[in-house]
Amino acid sequence: MEGKGSTEQVPKREAEIARYPFHSQPPWILSTLFAVQHVLVQAALIQTVHCLLIDALPSDQRTRQHGYQLIATSLFASGVSTLLQTTLGCRLPLIQAPSFEYLIPAVILASSPMDTNSSLQNDTKVAVLCEGSPCSEADVTLQTWKHILCEVRGAVIVSGLLRALLGLSGLQGLTARHCGPMVLAPTLSIIGLSCYKEVAHFSSSHWGVAALLIILVVLLSQHLRSCYIPIWSWKKSKGFNLLTYFPLFGIFSLLLPIVSLWVLSGTLPEGDILNPYPAGGYRGILHSNGTDLVPWFNIPNPGVWGVPIINVQSTYIGITMALGTSISSLGCYVMCSKVIGSLHPPRDSCNRGICLEGVGSCIAALLGGVTSTSSSIPNVGALALTQAESRHSVQIAALLCILVGMSAKLTYFLTTIPAAIHGGVLSVTYTMAVSVGVSYFQYTNIDSGRNIFIIGFTMFMALLTPHWFIRHPDYIVTGVRSLDIFLLALLMMPIIQGGYLAFLLDNTVSGTSEERGLVAHFPGFKSRLEGRHRHQLRDLTDVYQLPSALQRYLSTKFFPFSNLCPSSEPVQEPTADGEEIKDLLPTPQHVASGGEVGVATSSRIALESSGIEG
């Protein structure tokens, strides 16, 4: 009888722990491990963005030593922004971090020849620094470095203010309502494909390490995800007792490979196949000689780099950053809702999310950081791979980021992860954006000539135009250098090219609602009540509902920002199939389904509301 009982217990336990949903609170040990996994994925994106930005700056050995301070400030600001996002924002389990959509305009601004060493030698700041003695080349480089960082911080503040305005005005939520499958599919695919050059750059530092990490992640997350490890308990009176079966390989399919290769590359001697770093360079986590010179505590200092500079050029770059990151964040919201099995976020959730992302970017720039904060695509990819979606774990990860950002030694320790590991992590996480984007084609009529043209034209132009302008940056010459930089930044960002082209074409080219994918089972509408996966869908109130105390305050009619308040939109009936439309959609009345399907849907809604099972 005991054996029979134990065999019946296994499937039940497997169903309970095979997935940790967003609203659950796993045990503290598991939540902390999930949080560490998120931080390691987030560190890959943060360090990649900072390394590429610092490479574009006129820097020397002295200025590069401040790199870990910039990373520490970014981690601290990302933790604060994540807490705001998961508590008051869109409420999805999203980690906030810098994005590649921010990087392109920042690098253009940093590499702009508007400020040269010769012109800065007569600058007042340099004169004060040198004080009666001629400026050395190192002093000029440091002053140039600080000036560019302050200008980038000014652009980040402009970007944050514009995104906050997008949320307060309701434009972000309004745009989200008009994004059907024909907009989301190419946009998410472009987000995943647009960063392959940067990922390849870091992976090329050692292709063996990157390939090994990718193989391990694929093996654990796909082939061994259904493999369960037995967990036993022991009591003196009863002996060993089988408690449950634990999906160790699936939920830690990123943590285990990252930590294993990190430790292995740190323990091997220099010059080994997994640690091919020159003398004086990276020596691994167990042989690092530089940590003795790094202090334990380093609270972000707002005035360490000077006052942010907001001029015409930084304003133009800030506008470009806001456009790119707003599209990327909207795609990230949709991707995360798809991964956790929820309906798409409503308008008020999108507005709050982008508004608080802008607030987080302003906080980062004011604290001395040079990067903005937006929703992290790699961390959403980690949710899809591990199926550990707990919002509680994400909030613990935010606290860990704040703690690590306050300790320079912990930040230095985190920067010892080899670049090839970062490349491998970004390779497997960004691919999830492509796969989620492709999955939206199932809602559309992919054989339609209209859709074939929109998909092909959008994705091809989004990759062609930036590639050409990257190779010919001097092509645009208007006579105004700041305007040249603004146009160049717009044309070099694939997400802006693809996102706006898909949005414009899908909402202006006439087509039936069935062609556009505006069907009843599209998760962007509240009318998704039927289907075999109905029991797996989360209701809007479960995912996006604000804390009860704040909800009561926002329900008052005197609240000034109505676009941030939850709204209860009634579910409307689908219209007849074949209705040709080309106006700015999608509204629920344009959802297409056949007459019989519409009747069946209405009947099922009535049955479910009355508590009768069909």
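The values are calculated or read from the model by the stated rules, or taken from the named source; none is laboratory data. Keep in mind that this is a model prediction, so the values were computed, not measured. Quick reminder, even Gly has a Cβ in these numbers, built from the backbone with ideal geometry, and neighbours come from all protein chains shown. Side chains included, ligands, DNA and RNA excluded: accessible areas come from the protein's heavy atoms. Shrake-Rupley method; radii C 1.70, N 1.55, O 1.52, S 1.80 Å.
Pairing residues of the range 294-314 that are more than 18 Å from LEU109 (Cα to Cα) and of a type in the set (Val, Ile, Thr) with residues that are open to solvent by less than 90 Å² (accessible area, probe 1.4 Å) and assigned to a loop (DSSP other than H, G, I, E, B), at Cβ distances under 7 Å and at least 6 apart in sequence or on separate chains, gives ILE299/MET406; VAL304/GLY368. In summary, SER482 fulfils each of the numbered conditions (1) modelled with pLDDT under 90; (2) farther than 30 Å from VAL312 by Cα; (3) surrounded by 16 or more Cβ atoms within 10 Å (Cβ to Cβ) with the single exception of condition (2).
Taken over the range 21-56, the criterion of being of a type in the set (Ser, Thr, Tyr), in a helix (DSSP H, G or I) and surrounded by fewer than 24 Cβ atoms within 10 Å (Cβ to Cβ) is satisfied by SER31, THR32.
Across the range 349-370, the qualifying residues are those that are aliphatic (A, V, I, L, M) and open to solvent by less than 10 Å² (accessible area, probe 1.4 Å), and the one among them that is farthest from GLY67 (Cα to Cα) is ILE354.
Among residues of the range 142-171 that are in contact (Cβ under 8 Å) with a residue 12 or more places away in the chain and under 19 Å from GLY67 (Cβ atoms), those with a Cβ under 7 angstrom from a residue that is small (Gly, Ala, Ser) and outside any helix (DSSP H, G or I), sequence gap 6+ or separate chain, pair up as TRP145/SER59; LYS146/GLY306; CYS150/GLY306; VAL156/SER372.
Have a look at VAL334, VAL370 and point out the one that is over 16 Å from the mean Cα position of the chain (by Cα) and either modelled with pLDDT of 90 or more or under 21 Å from VAL39 (Cα atoms) (or both). If you could, list the steps in order and put the result at the bottom.
Numbers: VAL334 fails: over 16 Å from the mean Cα position of the chain (by Cα).
Just one listed residue meets the conditions, VAL370.
In summary, SER81 fulfils each of the numbered conditions (1) of a type in the set (Gly, Ala, Ser); (2) more than 18 Å from the chain's Cα centre (by Cα); (3) at pLDDT 90 or above with the single exception of condition (2). Residues of the range 337-348 include at least one that is in contact with a helix residue (DSSP H, G or I) (Cβ under 9 Å, 6 or more places away or on another chain), open to solvent by 10 Å² or more (accessible area, probe 1.4 Å) and farther than 23 Å from LEU564 by Cα.
Would you call TYR102 farther than 28 Å from GLN387 by Cβ and touching a strand residue (DSSP E or B) at 6+ places or on another chain (Cβ under 8 Å)? Talk me through it step by step, then tell me what you get.
Numbers: farther than 28 Å from GLN387 by Cβ: yes; touching a strand residue (DSSP E or B) at 6+ places or on another chain (Cβ under 8 Å): yes.
Yes; evaluated as a whole, the condition is true for this residue.
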